[in-house]
Amino acid sequence: YPDYTGAKPYAIRKDANALTLGISMYYIFKYKKFSYRNSFAFTETQKKSAGSFIAGGYYSLFAAWSDTTTLVPFPFRAGFDSSGYIRAGSSYSIGRNAGYIQTIVLFKKCYMTFSLIPGLGYEQTSYRREDNSTYKSQATLSSKLNVRLAMGYSTGKFYVGTMSMVDYFLFSTEKSDTKFNYAIGKFRVFVGYRFSYEKAERKILRKLNLIDYRL
């Protein structure tokens, strides 16, 4: 890249773009004892330690492209074969996964949650090189690993904590020398307070003459 001097650990590419879309669905087998929302949605409270097997499906799409040149700029081109000078490419993955998730409750107010959910499915990759030649792989087997961690403190109304999630997409070996392997994740620190809306709701309903009694 012309403006890259090596003084910074990463080259800044204002002309490069990336798009990631994904959806995951899970079924909690022991949903009466284990609360997924306790750690990741904060709309429920789990009072005792419990875990559950979990299974579901996923779909993910990753795309990257450059508006001006390849995704492998100077001075990194020397380390790549010319077939790796990609200007635009995308990869999608779809499959099923199953694993286990556990929440440990301490002193009735503190909790720690961890899960490990491997998956197996199909993926397909396509891209366009600098010389406008294209490549599209056959649908091949791929694997995925989802890891979730969370910990927090909740008094019922007030809660504070942290959570993280990482998806590793592990594609199978292809005949092509160029591959799209990637991982996505997020980390969040949160502080919240749950307001009681029941009194305000009843007050509004009485003013609208929708109820004529007091609870």
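The values are calculated or read from the model by the stated rules, or taken from the named source; none is laboratory data. These numbers come from a predicted model, not from an experiment. Cβ sites come from the backbone with ideal geometry, for glycine too, and all protein chains shown count toward neighbours. Note: accessible area is taken over every heavy atom of the protein model, side chains too, but ligands, DNA and RNA are not part of it. Shrake-Rupley method; radii C 1.70, N 1.55, O 1.52, S 1.80 Å.
Scan (1) more than 30 Å from Arg194 (Cβ to Cβ); (2) at pLDDT below 90 for the single condition Ser24 breaks and write down its number.
Among (1) more than 30 Å from Arg194 (Cβ to Cβ); (2) at pLDDT below 90, Ser24 violates only (1).
Identify the single condition in (1) open to solvent by 30 Å² or more (accessible area, probe 1.4 Å); (2) among the small types (Gly, Ala, Ser); (3) within 30 Å of Gly192 (Cα to Cα) that Ser115 does not satisfy, given that it satisfies every other one.
(1)
Here are Arg128, Arg148: which of them is more than 25 Å from the chain's Cα centre (by Cα) and touching a residue at least 24 places away in the same chain (Cβ under 8 Å)?
Being more than 25 Å from the chain's Cα centre (by Cα) and touching a residue at least 24 places away in the same chain (Cβ under 8 Å) holds for just one of Arg128, Arg148, which is Arg128.
List pairs: first in the range 29-44 and more than 16 Å from Ser115 (Cα to Cα), second assigned to a loop (DSSP other than H, G, I, E, B) and open to solvent by less than 30 Å² (accessible area, probe 1.4 Å), Cβ under 8 Å, 6+ apart or cross-chain?
From residues that are more than 16 Å from Ser115 (Cα to Cα), the pairs are Glu44/Ser35.
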